[in-house]
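Trainee: Sharing a structure below in structure tokens format, with a few things to ask.
The values are calculated or read from the model by the stated rules, or taken from the named source; none is laboratory data. Quick caveat: nothing in here was measured; it's all calculated off a predicted structure. Methodologically, a virtual Cβ is constructed for each residue, glycine included, from the backbone with ideal geometry; neighbour enumeration extends over all protein chains shown. SASA here: full protein model, heavy atoms, side chains in, ligands and nucleic acids out. Shrake-Rupley method; radii C 1.70, N 1.55, O 1.52, S 1.80 Å.
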Amino acid sequence: MPCVDDWVNDPLSAVQGIFIQNGASGEWEKKVIEYFREKLKETTASSWVLRFGKYKDVAECGLQQEVALNSAKCVTLERQTFYCIPVPGESEWVKEAYASASQARGNPSTSYTPSRHKRSYEEDEDMEMHPPKLKEQCAAGCSGSQACGDAKRLEKEAPGGHQSSPNCTTSIDLNFPLPGEKGPACLVKVYEDWDSFKVNDMLEVYGILSVDPALGVINDESTKDGSSILNPTECMDTMEEQRVHSPPPSLVPRLHAIVTRKLQHVNPFLPTTLKDKENKDCITNIMPELSTVRAELLGFLTHVLLGDSLAAEYLLLHFISTVYSRRDILPLGKFTVNLSGCPRNNTYTKYLHRTVQQLVPSSYCLPMTLNNMNTLRFIPHKDYTANRLVTGVLQLASNTSLMLDETLLEQGQLDATGVRNVTALGNLITWQKVDYDFNYHQMEFPCNINVLITSEGRSLLPSDCQVHLQPQMIPANVEEYMANLQTAVVPSMLKKFRIYVSLLRLMDYSISDEVTKAVEEDFVEMRKSDPRSITAEDLHQLLVVARLVSLSAGHMTLSRERWQRAKQLEVLRKSRIQQQTHVNGNEP
């Protein structure tokens, strides 16, 4: 029988179909009348078609059809839109691993059928990576919130000029926090549980991709009729807000989320969660190798730090540190290391950061030049004209490694922006928070950023632990030496290093009552022998180091032996700093 659209749009075809079925007898005429009477009863004489609108941006109407907004079957639901970007500072090995997984899984979704009039950033990047799942960090949301997007791995895009012409869609600021990043952003539309999403959460989203060109139409007078209720830009006050909130879908596609998952990490070599039994078994199989991997990684880092095994041990502890809890305003577990004694040579620190990039899923090196401190935007702020949060350098995903290179410090004067930026860095290190600027007030956003400070002398910034570098060898060509080190590690061992660092950040840790009592007694004895050299802060530092020493060996609880090892490390570290102070009388 003819379909609905046939009898509405082409009734003669419906008549012809009935005629063919019934032959030339007089019955066919009666059948035609009965057919149309029944159809009109079904549709109440109005040719209604019931369609769902969920997971769509534009109502789909055929010729001579319109949306019946007053229908009793028209149900209004709520959804939230989040503006999402790739994980800032994501390492290349992470991208490559997800790209390989995508190619192994098959073809992309057929729901992505773009009809573009402009080249997208994906095309500009030669469509390098298209895994079936997307792990991203949230940046600045259209609704003042953040979340993340879908079936296509987003790469990175330069924020370049933060100011762009409203008439030039290809220069739209994609609002990335780090300078020089490339890749597309995504508007993710979430239908359930969006209240659980927080600023800077990393999400994995599976959904339906939408790139309808009509979504990029801004202030089109032709839409201002009875169908204007379907145009989201109609509720926006300014042209700038419309431009920012409705960018061309070729540059910022829309993703309708069906399934969303918060991510603890973006390491492609680890399960997304450690709670499932299958994943726990996988982790159990890794645990016996941890001591061997630790020894190999410690040896590698010793070579990277020019033969200094003590500094290598502290750097390893720094890599696996994380904020595991907060007591009032105090973040527990943070371990900011100031690696002093670094050569005033940006080649060495540049290659040191490349080593960091090879080990952690996301990182960023911030050269603390006078120009950077005075010109970069560290703190996100609210743009009330465009009604969006403009991102800053310190808006980073959890467990990002941030390297602050003070070896590039130079003489000069910090302006007001520079002073605010230095203050923001101090707050990040001490309290693991960033105070976002909303013009009329500031709002605290907690974070979990691993900060490594490289400097010649003691850092101007606060730190949890200063380790003075004592090179045991000085290579004739630092650049060649560091480059050879990175290529010398075999890929299979490098993969184990990456698993090791990410896994130990996620492991639980505890101290038994027996060991707690022994630690307390030991602390009392240390206080008796030298009350001025041991403070409550020293005890806290020792407990942090002991925790990391235990975890680094794959032990989830503290033992007396590892407590003693932590004490030995601290004695060696402090004695080295005292020696340096005597050598350089002006050393703080």
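Trainee: So for the pair residue 460, residue 27, with labels modelled 7 Å out along Cα→Cβ, what separation do we get in nm?
Mentor: 9.7
Trainee: May I pose another question? Using 0.36 nm times the number of residues separating residue 479 and residue 36, minus their current alpha carbon distance, what extension gain do you get?
Mentor: Full extension of this stretch gives 151.1 nm more.
Trainee: Report the calculated FRET efficiency for residue 49 and residue 581 (r = Cβ-Cβ distance, R0 = 60 Å), to the nearest 0.05.
Mentor: Once the sixth-power term is evaluated, E becomes 0.15.
Trainee: Hey, if we sort 245, 303, 555 by accessible area with the 1.4 Å probe, largest down, what's the order?
Mentor: In descending accessible area the options line up as 303, 555, 245.
Trainee: May I ask you to order 382-388, 263-269, 439-445 by the average number of other C-beta atoms within 10 Å around their residues, highest value first?
Mentor: 263-269, 382-388, 439-445
Trainee: Under a point spin-label approximation (7 Å from Cα along Cα-to-Cβ), what is the residue 472-residue 514 distance to one decimal in nm?
Mentor: Label-label distance for residue 472 and residue 514, simple model: 3.6 nm.
Trainee: For segment 504-557, report the accessible area per residue in Å² (1.4 Å probe, heavy atoms, rounded to an integer).
Mentor: Accessible area per residue, segment 504-557: 55 Å².
Trainee: Carbon and sulfur together cover what percent of the accessible area of segment 302-348 at a 1.4 Å probe radius?
Mentor: 47
Trainee: Amide H to amide H under 5 Å from residue 388: which residues, 5+ apart in sequence or cross-chain, H placed 1.01 Å off N in plane?
Mentor: Hits under the 5 Å cutoff: 383.
Trainee: Can you give me the Kirkwood hydrodynamic radius for segment 334-409, using every pair of distinct Cα atoms, in Å to one decimal?
Mentor: For segment 334-409, the Kirkwood estimate is 14.2 Å.
Trainee: Where the centroid of each part is defined by its Cα atoms, how far is segment 470-500 from segment 44-92 in Å?
Mentor: With segment 470-500 and segment 44-92 each reduced to a Cα centre, they are spaced 53 Å.
Trainee: Follow-up question, since we're still on this one. Skipping prolines and chain starts, which residues have an amide H placed within reach, meaning under 5 Å, of the one on residue 362, given they are 5 or more residues away or on another chain?
Mentor: 91, 401
Trainee: In whole Hz and in residue order, list the ³J(HN,Hα) couplings for segment 446-451 that follow from phi through the Karplus curve 6.51 cos²θ - 1.76 cosθ + 1.60, θ = phi - 60°; x for Gly and Pro.
Mentor: My calculation for segment 446-451 gives x, 9, 8, 10, 7, 9 Hz in order.
Trainee: Right, next: If you roll a 1.4 Å probe over the heavy atoms of the protein chains, what accessible area per residue do you get for segment 19-105, in Å²?
Mentor: Result: 70 Å² of accessible area for each residue.
Trainee: If you plug each phi of segment 189-195 into the Karplus form 6.51 cos²θ - 1.76 cosθ + 1.60 with θ = phi - 60°, what whole-Hz ³J(HN,Hα) values come out, in order, with x for Gly and Pro?
Mentor: 9, 10, 10, 9, 6, 6, 5
Trainee: Follow-up. For segment 557-573, take each phi angle, set θ = phi - 60°, evaluate the Karplus expression 6.51 cos²θ - 1.76 cosθ + 1.60, and give the result in whole Hz per residue in order, putting x for glycine and proline.
Mentor: The phi angles translate into 9, 8, 10, 4, 4, 6, 5, 5, 4, 4, 5, 4, 4, 5, 4, 4, 5 Hz.
Trainee: Got a number for carbon plus sulfur as a percent of segment 32-100's accessible area, 1.4 Å probe?
Mentor: Carbon and sulfur atoms account for 53 percent of the accessible area of segment 32-100.
Trainee: What is the extension gain from residue 71 to residue 10, computed as 0.36 nm multiplied by their sequence separation minus the C-alpha to C-alpha distance, in nm to one decimal?
Mentor: My answer for the length gained is 19.4 nm.
Trainee: Which FRET efficiency value, to the nearest 0.05, is calculated for residue 564 and residue 410 with the Förster distance at 30 angstrom and r the Cβ-Cβ distance?
Mentor: The computed FRET efficiency comes out at 0.10.
Trainee: Between residue 325 and residue 419, how many nm apart are label points set 7 Å from Cα along the C-beta direction?
Mentor: 3.9
Trainee: Stretch residue 375-residue 526 to full length: gain in nm at 0.36 nm per residue minus the Cα-Cα span?
Mentor: Here the answer is 49.6 nm.
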